[in-house]
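The structure appears below as C-alpha cells.
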Amino acid sequence: MSDYNELHIGFIGGGNMAQAILRGLLQAGHKPESLLVSDPDDKQRAAVRAVNGSIRAMSDNAAVAADSDFLVLAVKPQVMARVAADLAGCQRRSGQVLVSVAAGITLESIGGWFGSASPAIRVMPNQPALIGQGMSGLCANGAVDAKAKAGADYLVSATGRAVWLDNEELMDAVTAVSGSGPAYFYLFMEIMAEIGEELGLSAATARTLVTQTALGAAAVANQRPETLADLRRQVTSPGGTTEAAISTLERAGIHDILRKALTAARNRSIELGKPDLS
C-alpha cells in the first residue's frame, strides 16, 4: 500500500479512535505532514501533536476538509448531523472519500448531508484498534470505486483486520458483535477474576490467569480451522470440571442472555442511525 502513504487524510474529531488510526498509519510509514486533524478541544489537539509533532492539528473543520483526499468523520453520532451540515457547505477536494466511524450513521444520511454522488464509506471499528488489534466492518455507497476501497483498506488496516459487507443493514450487527464486543469480554473477564479472588487467589494472580487464558483462547480460535463449538468440546471432557461449568452456564440461560444483549446493542445502533437531516 505504499502508493497511499502520501494521501492527505483528514480527521474531523481527534479522540481515541482518530489517534489510534493516526498511530497505525505512522507505523505503516505514512507521512505525518499529510495527516490533518480538527478538534475544538485544546487537550485533544495537544494529544494529537503528542502522537507526532508534524501532524497538522487545528480547530478549523473547513481547513481540514479542503485539504483531504480521505475525510474521516470521527465525531459522536449525536453531533454528526450538525458537523456534517457545516462541512457540506465547505470547499472540499474533488473526489474526496468520506469515511464515517460513527455508530449507526447510515450511508443514506451521509448522502443527505454531502450529496449522493459523494463517495462514502462506513467503518465500525472497535477499541482494540488502540493497540493495532482492532476489528472493523466496512460498507460503501455506489460512488466508491476500487481505488477508494483500496484506500479505505489501507486506512483501517493500520489498526487491525477488516471485513467488507455488501448489505449495509448488517453494519448494525457488526456494531453489536465486534463494535461493542470487547466490553462483553471485559465483563466476563471481570467476573471471572472477582470469583477467582473469592476462591482464594490474589487479585494480581486472578487477573493474570484470566487475561492470559482469554488471550490464548482467542489466539487458538484465530489460528485453528475447527469450529468454535469443536474447540469448546476439545476442552470439555465428559464428567470433568469444564463440563460442570458449561452445564451450569447453559442451565442459567447464557445463550438467551447474550442473544438479548446483542439484539439490544443492534437495536440501539439502528436508533442512533436516525438523526434529523434537517
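A short reminder: the numbers here are calculations on the coordinates, not readings from a lab. The shown structure was predicted, so the numbers you read here are calculated from the model rather than taken from an experiment. Here the Cβ is made from the backbone with ideal geometry for all residues, glycine too, and neighbour counts use every protein chain on show.
Things worth noting here:
- Given +1 at the Cβ of Lys and Arg, -1 at the Cβ of Asp and Glu and no other charges, the dipole of the chain around its Cα centre is 180 debye to the nearest 20.
- Total charge dipole magnitude, region 2-167, about the Cα centre, Cβ charges on Lys, Arg, Asp, Glu only, Debye to nearest 20: 260 debye
- P(r) weight above 29 Å for region 2-167, C-alpha pairs, percent: 8 percent
- Ascending count of other beta-carbon atoms within 10 Å, so fewest first, for 124, 17: 17, 124
- Expressed as a fraction of 2.2 N^0.38 Å, the value expected for a compact globular protein of N residues, the C-alpha radius of gyration of the chain is 1.13.
- Qualifying lysines (Cα of each under 24 Å from Cα of residue 76; at least 8 residues distant if same chain): 43, 149, 274
- Debye, to nearest 20: dipole size of region 159-278, +1 on Lys, Arg Cβ, -1 on Asp, Glu Cβ: 160 debye
- For the listed peptides 70-83, 216-229, a ranking on the average number of other beta carbons within 10 Å per residue, highest first, reads 70-83, 216-229.
- Dipole axis of region 157-278 (+1 Lys, Arg; -1 Asp, Glu on Cβ), positive-most option in 255, 242, 196: 242
- 100, 157 arranged by Cβ crowding within 10 Å, fewest neighbours leading: 157, 100
- Based on C-alpha pairs under 8 angstrom that are at least 6 apart in sequence, the chain has a relative contact order of 16 percent.
- Packing-based exposure ordering (other Cβ within 10 Å, fewest first) of 149, 31: 31, 149
- Directionally averaged projected area (convex hull, Cα atoms, region 126-238), nm²: 9.4 nm²
- Debye intensity ratio I(q)/I(0), log10, region 181-271, q values 0.17, 0.19, 0.21, 0.26 Å⁻¹ (C-alpha model): -0.99, -1.19, -1.33, -1.36
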